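Peer 1: Below you'll find the structure I mean.
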Amino acid sequence: MTGRVLLPSGAENTDDLLIYYAVSGNEYSGEDIYQTGVFGPVQGEFSHRIRSGNVILYTEHPDYALTYAGPISNFPGLQTEEFRLELTKGRELEVELKDDKGNPISNATVSAAPVINAHQFGSFREAEKIDENVYLLKMMPATTLRIRLSAPGYSTREEDIDDYDHWSTQMQTAKPTTGKVVDADGNPVAGAKLRHLLVADESEDPTHDAILTTTAEDGTFVLDQLAEDATYFGIVETPDMQRTLFNELKEDQKDVEIKIPKTGIITGTIRGDFSLLKTINNNQPIVGIRQELIFTEKSRRIHHHSSISSYDMPYSASIHDLVEVSTNDGIGTFEFKGTLPGKVEIQIGPYLVPIDSNGQDDWHIELDLTTGKSEVKINPEKR
């Protein structure tokens, strides 16, 4: 596929941008396949090979509204037209918020993302507060917007809005959920973070990774911004990196107790060519750890980027951690405490070491970066 990114003046863009794409439909099988991806950076003209189908392209520039083109039929040798991503300042939308008694809500967070062909694209952009209870969304594309509303003490909600200049709406007073986080011995855990990784409701299954709340000194927590009719899945993480899963948190649950068991530790010894390790922050070597989490054996029937076909999908999410490697006399070592039940992948330089973890066993990895040889041991010694 070929195309161009143009400024409002008609001149070609000169800033580096990433181009995102979404493909649906198949000329040959008739199946409703779907693929998403990204390429770039690009500036003006671009050319890129992707799966055949009906294509939507979009790009996000910090000084302009999200810009998209399509859907355009794009099959081998049959691209019907060039993709033109024409950057514009977009439009503005005022959002006025009141509670269910008509009182103004002055401490809300309002954000929006575009909906194209019934699917959400791009990132949420946050509104600017311009009056006591009026919030201004700037640089919005001329398409349906998915508005996300949240405020302390009110149920979080999302709603798709079409062509408005000013939208006035109400937020419902939340029904708080209360609970407590305790350790394996039943002692309260202060400073534990509840991170929600998956939110499922009647129409959408968006994946997030955000902090719901942090426990008080006595281990208790109050959740007063949960969305009505939504179910939350995620992890609890203590200050010393003990972790456990939480399942099916909803509005109006009382005295929920989340117990954190003693979790396992992954340690590693690395030898060989340390230049193969990835680095961050002034060349600090690191390893990456990815964990695939299954919250429940139940599955959910969802529509993923397609209003035609649906399929069963587990309640799952993944988390990623970066772990520093200490080096001394030609030997690198690392330690990771946040293991959870499920599949764990440890990325050490170009090598991937898989582990099936129950969340409580200790593991030790030996790897030579020069030869690629690795050895994995379970419970090599008692902590």
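No lab work stands behind these numbers, since they all come straight from the coordinates. Since the model is a prediction, treat every value here as computed from it, not as a measurement. Neighbour counts are summed over all protein chains in view; Cβ atoms, including those assigned to glycine, are modelled from backbone coordinates with ideal geometry.
Peer 1: So what's Rg/Rh here for the chain, counting alpha carbon atoms and using the Kirkwood radius for Rh? It would help to have the intermediate numbers written out before the result.
Peer 2: Numbers: Rg = 24.3 Å, Rh = 24.1 Å.
Answer for the chain: 1.01.
Peer 1: Still on this structure, I have one more. Between Glu96 and Ala142, 0.36 nm times their residue separation minus their Cα-Cα distance comes to what? Please report the intermediate quantities before stating the final value.
Peer 2: Numbers: separation 46, 0.36 × 46 = 16.56 nm, distance 1.98 nm.
Contour length minus the Cα-Cα distance gives 14.6 nm.
Peer 1: Hey, if you drop one equal point scatterer on each alpha-carbon of the stretch 91-171 and run the Debye formula without solvent, what base-10 log of I(q)/I(0) do you get at q = 0.18, 0.25 Å⁻¹?
Peer 2: At q = 0.18, 0.25 Å⁻¹ the computed log10 ratios are -0.67, -1.24.
Peer 1: Could you tell me the calculated FRET efficiency between Ala11 and Leu322, based on Cβ-Cβ distance and R0 = 41 angstrom, to the nearest 0.05? Please report the intermediate quantities before stating the final value.
Peer 2: Details: r = 41 Å, r/R0 = 0.99.
FRET efficiency, Ala11 to Leu322: 0.50.
Peer 1: Could you check the simple spin-label distance between His166 and Glu345, using points 7 Å along Cα→Cβ, in nm with one decimal?
Peer 2: In this crude label model, His166 to Glu345 measures out at 5.1 nm.
Peer 1: Please report the net charge: other residues with Cβ closer than 11 Å to the Cβ of Pro41, K and R +1, D and E -1.
Peer 2: Details: positive: none; negative: Asp15, Asp16.
Here the count lands on -2.
Peer 1: Can I ask one more? Taking a threshold of 28 Å on the Cα-Cα distance, which of the pairs Lys180/Lys377; Lys193/Lys262; Lys250/Lys278; Lys180/Lys278 fall above it? Show your work: numbers first, answer last.
Peer 2: Details: Lys180/Lys377 35 Å; Lys193/Lys262 16 Å; Lys250/Lys278 40 Å; Lys180/Lys278 39 Å.
Result: Lys180/Lys377; Lys250/Lys278; Lys180/Lys278 exceed 28 Å.
Peer 1: Then there's this: State the extension gain, in nm to one decimal, for the chain segment bounded by Thr371 and Lys254, taking 0.36 nm per residue of separation less the distance between their alpha-carbons.
Peer 2: Numbers: separation 117, 0.36 × 117 = 42.12 nm, distance 5.49 nm.
Computed gain between Thr371 and Lys254 is 36.6 nm.
Peer 1: Suppose R0 equals 35 Å; then what is the FRET efficiency for Ile130 and Asp356 from their Cβ-Cβ distance, rounded to the nearest 0.05? Don't jump to the answer; show the numbers that get you there.
Peer 2: Numbers: r = 53 Å, r/R0 = 1.51.
Working from the Cβ atoms, E equals 0.10.
Peer 1: Quick one: which residues, 5+ away or cross-chain, put their amide H under 5 Å from the amide H of Val110? H built at 1.01 Å from N.
Peer 2: HN-HN under 5 Å from Val110: Ala127.
Peer 1: Scan the chain and hand back the longest stretch that contains none of the GluC sites (Glu not before Pro) lying in DSSP loops with at most 15 other Cβ atoms within 10 Å. Provide the component values of the computation, followed by the final result.
Peer 2: Details: sites that count: Glu27, Glu31, Glu81, Glu82, Glu132, Glu202, Glu204, Glu217, Glu228, Glu381.
With GluC sites (Glu not before Pro) excluded where exposed in loops, the chain gives 229-380 as its longest stretch.
Peer 1: To continue, here is another question. Quick one: if you take sqrt(5λ) for each eigenvalue of the C-alpha gyration tensor of the stretch 120-269, what semi-axes come out, biggest first, whole angstrom?
Peer 2: On the way: eigenvalues 231, 63, 38 Å².
Square roots of five times the eigenvalues give 34, 18, 14 Å.
Peer 1: Can you pull the one-decimal nm distance between simple spin-label points at Asp240 and Gln43, each 7 Å off the Cα toward Cβ?
Peer 2: Each label point lies 7 Å from its Cα, and together they span 5.5 nm.
Peer 1: Exposed loop chymotrypsin sites (Phe, Trp or Tyr not before Pro) only (DSSP loop, at most 13 other Cβ atoms within 10 Å): please give the longest stretch of the chain free of them, not including the sites. Each step should come with its number before you reach the end.
Peer 2: Working: sites that count: Tyr28, Tyr164.
Counting at most 13 other Cβ atoms within 10 Å as exposed, the longest clean stretch of the chain is 165-383.
Peer 1: Next question, about the same structure. Can you give the percent of C-alpha pairs in the stretch 38-99 whose distance is more than 19 Å?
Peer 2: Details: 826 of 1891 pairs.
Tail of the P(r) past 19 Å holds 44 percent of the pairs.
Peer 1: With a/c under 1.5 counting as rounded, go ahead and sort the stretch 182-259 into rounded, prolate or oblate using the C-alpha gyration tensor (a ≥ b ≥ c being the square roots of the eigenvalues; past the cut-off, prolate if a/b is larger than b/c, else oblate). Present the calculation step by step, with values, prior to reporting the outcome.
Peer 2: Numbers: a/c = 2.22, a/b = 1.72, b/c = 1.29.
Cα axes put the stretch 182-259 in the prolate bin.
Peer 1: Given 0.36 nm per residue, what is the gain on full extension from Thr296 to Asp229 after removing their alpha carbon distance, in nm? Could the numbers behind the result be given before it?
Peer 2: Numbers: separation 67, 0.36 × 67 = 24.12 nm, distance 1.85 nm.
Taking Thr296 through Asp229 to full extension adds about 22.3 nm, to one decimal.
Peer 1: Give me the lysines in straight-line cross-link reach of Lys98: C-alpha distance below 19 Å, same-chain residues under 8 apart excluded.
Peer 2: Cα-Cα hits under 19 Å: Lys129, Lys175.
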